[in-house]
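The values are calculated or read from the model by the stated rules, or taken from the named source; none is laboratory data. If you're wondering where the values come from, they're calculated on a predicted model, not measured in any experiment. FYI the Cβ positions are ideal-geometry reconstructions off the backbone, even for glycines, and counts take in every protein chain you see.
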Amino acid sequence: MPLTIIGVDADDTLWHTETVFRLTHKRFNELLGDFADEDTLEAKLAAVERENMKSYGYGAKGFTLSMLQTALEISDGQVSTKVIRELLDAGREMMTHPIEPLPGVEDALLQLKQRGRLVLITKGDLFHQESKLAASGLGSHFSGVEIVSEKTPEIYVKAFARHGGAVGSSLMTGNSVKSDILPMLAAGGYAALVPYPLVWEHERAEKPVGNPKYREVETLGHLTEWLDEIG
């Protein structure tokens with residue numbers, strides 16, 4: 001059965017993102033090193049970030065606010081205005097960091113377009129995700145863009161329907177098992193994992209090994225082989 005629509009994730013599937021966050025984590029730990037060790041800081045930041053996602057969602061803006069809150073709480077309000085300013089600068093740098101597409105991504109998109117309509121499906125801050133897509137130069141390859149607050153089975157059903165397809169005859173590909181794979185499979189669609197070397201703590205999940213509608217491919221370019229097999 002040929003697939004009609006191919007959904008593609010953005011961050012760490014089309015361009016580097018987690019590497020930028022890791023550099024900011026390092027800077028955060030250095031700035032707050034007088035108040036706690038690295039493990040304590042990381043655990044506290046992760047807990048604050050997890051709670052704040054309910055209000056801020058995903059992305060650099062929410063992460064910046066979580067860094068500021070963690071700094072205030074871990075220091076019992078003693079953190080200096082200089083450190084606060086540097087954390088704000090770090091957040092701003094994340095928002096304006098150059099977009100670097102992953103090797104071979106554009107060629108892969110050109111091949112995928114021959115096998116189905118491409119729809120970008122990503123979660124995060126609307127303004128930032130739109131800015132990154134524009135800066136990447138990859139926007140012309142997609143017939144539609146969906147920027148969502150979360151990726152759930154219901155979201156996938158609605159997203160593919162909006163673009164004229166059914167989730168059962170569509171495929172989602174990305175680097176996150178938790179967001180790109182499991183909810184798409186739960187919705188009845190196909191899902192392909194393209195691993196990225198770094199995995200965000202909040203995106204860790206067990207791979208659905210053995211599911212006939214799931215495949216792990218080395219790169220986005222290798223996805224065409226499975227698509228041809230399905231078709």
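The table below lists the values:
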| quantity | calculated |
| --- | --- |
| Number of the condition not met by ALA90 [criteria: (1) free of Cβ contacts under 8 Å to residues at least 40 places away in the same chain; (2) aliphatic (A, V, I, L, M); (3) not assigned by TED's automatic domain parsing to the domain that holds GLU225] | (1) |
| Count of region 72-87 residues which are closer than 12 Å to ARG27 by Cβ and either under 27 Å from the mean Cα position of the chain (by Cα) or among the polar types (S, T, N, Q) (or both) | 2 |
| In region 14-33, residue farthest from ALA108 (Cα to Cα) [restricted to those that are touching an Asp or Glu at 6+ places or on another chain (Cβ under 6 Å) and assigned to a loop (DSSP other than H, G, I, E, B)] | THR17 |
| Residue that is nearest to the chain's Cα centre (by Cα) [pool: residues in region 34-60 that are crowded, with 18+ Cβ neighbours inside 10 Å and assigned to a helix (DSSP H, G or I)] | ALA60 |
| Residue that is surrounded by the most Cβ atoms within 10 Å (Cβ to Cβ) [pool: residues in region 91-127 that are aliphatic (A, V, I, L, M) and closer than 29 Å to GLU49 by Cα] | ILE121 |
| Checking ILE121 against (1) touching a residue at least 12 places away in the same chain (Cβ under 8 Å); (2) over 16 Å from the mean Cα position of the chain (by Cα); (3) more than 15 Å from ALA60 (Cβ to Cβ), the condition it does not meet | (2) |
| Residue satisfying condition, being closer than 30 Å to GLY165 by Cβ, in the same structural domain as ARG162 (by TED's automatic domain parsing) and at pLDDT below 95, within set LEU126, LEU133, LEU118, LEU109 | LEU126 |
